[in-house]
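The values are calculated or read from the model by the stated rules, or taken from the named source; none is laboratory data. Just so it is clear, the structure is predicted and the values come from calculations on it, not from any experiment. Virtual Cβ from ideal backbone geometry, glycine too; neighbours counted across all protein chains shown.
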Amino acid sequence: MRVPTQIPLTLPHAPQYGRDEFIVGDSNAAALRLLESWPDGSSPLAVLSGPPGAGKTHLVHIWAGRTGAGILAADDLAPNLSGPAPAAVLAVEDFRPGSIPDGPLFHLINGVVEQGGALLLTSRHPAEDWRAELPDLRSRLRMATPVTIGAPDEELLRKALVKLFADRQLVVEKTVIDYLLLRMERSLASAVALVEALDREALAAGRAITRPMASRILAEEQGWEAFSDRQ
């Protein structure tokens, strides 16, 4: 007899970027401490760098919640570079070196500084690797406060998976979490995607999340060959 399959409703599960939702580990503790105190007594410019999926966006939101900063994607920054700085306290996310000419970027930094504000730029690359050609911009970047976040280690990813499953009221065996940790991409973004996919699959199948289910979802989400349940 075939077990009927439920059709899961696609309900929004907005990411939670509050301080209480931030999971602290060796890779991000120093960055969190610095941003929770910055810019007090520091340069008005900071560059938060780290690999994709390391949690830069969450840190930006924590800082913005504390300082009242506006948040702008780097791709949306160009229309705001010809006039005054869009905000006295501003975070610009996912800045790519070379994507904005040196002059307008220098103008933006100066605009924020002149207002007595603070500017936080996030990037996959530290400021020292940006290779700006404008001497004044290089000088500004050298004075920037560096904030570095590393790729999450296994313990941080474990805490993240446990919390993400708990947020969705899913009970998952430790063996399944161990299985995911051994094979998943090492990023918080991957953890979020896997939990979302497993939640949909479990709801559609009307059963608990199992290791074979985790193997199949890993293969679908990350393009890997599914591991057999004997592994």
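Points to keep in mind about this one:
- Of all residues in the range 123-137, those that are farther than 14 Å from I109 by Cα and touching a strand residue (DSSP E or B) at 6+ places or on another chain (Cβ under 7 Å) total 4.
- Taken together, the residues in the range 27-53 that are of a type in the set (D, E) and modelled with pLDDT of 95 or more amount to 0.
- Within the range 138-155, if we keep just the residues that are out of contact with any Ser or Thr (no Cβ under 7 Å at 6 or more places or on another chain) and assigned to a helix (DSSP H, G or I), the residue that is nearest to R183 (Cα to Cα) turns out to be E154.
- Checking each residue of the range 123-137 against the condition of being part of a loop (DSSP other than H, G, I, E, B), small (G, A, S), assigned by TED's automatic domain parsing to the domain that holds D26 and modelled with pLDDT under 95 gives at least one match.
- The set of residues in the range 183-207 that are hydrophobic (A, V, I, L, M, F, W, C) and within 21 Å of the chain's Cα centre (by Cα) comprises M184, L188, A189, A191, V192, A193, L194, V195, A197, L198.
- Residue among V176, V172 that is more than 20 Å from the chain's Cα centre (by Cα), hydrophobic (A, V, I, L, M, F, W, C), crowded, with 16+ Cβ neighbours inside 10 Å and assigned to a helix (DSSP H, G or I): V176
- Residue check for A193: surrounded by 16 or more Cβ atoms within 10 Å (Cβ to Cβ) and either more than 24 Å from G18 (Cβ to Cβ) or in the same structural domain as S27 (by TED's automatic domain parsing) (or both): no
- Some residue of the range 139-149 being without any contact (Cβ under 8 Å) to a residue 60 or more places away in the chain and either of a type in the set (A, V, I, L, M, F, W, C) or surrounded by 15 or more Cβ atoms within 10 Å (Cβ to Cβ) (or both): no
- Any pair with Cβ under 7 angstrom, 6 or more apart, that starts in the range 102-116 at a residue that is without any contact (Cβ under 8 Å) to a residue 40 or more places away in the chain and ends at one that is outside any loop (DSSP other than H, G, I, E, B): D102/L137; L105/L137; F106/D136; F106/L137; F106/R140
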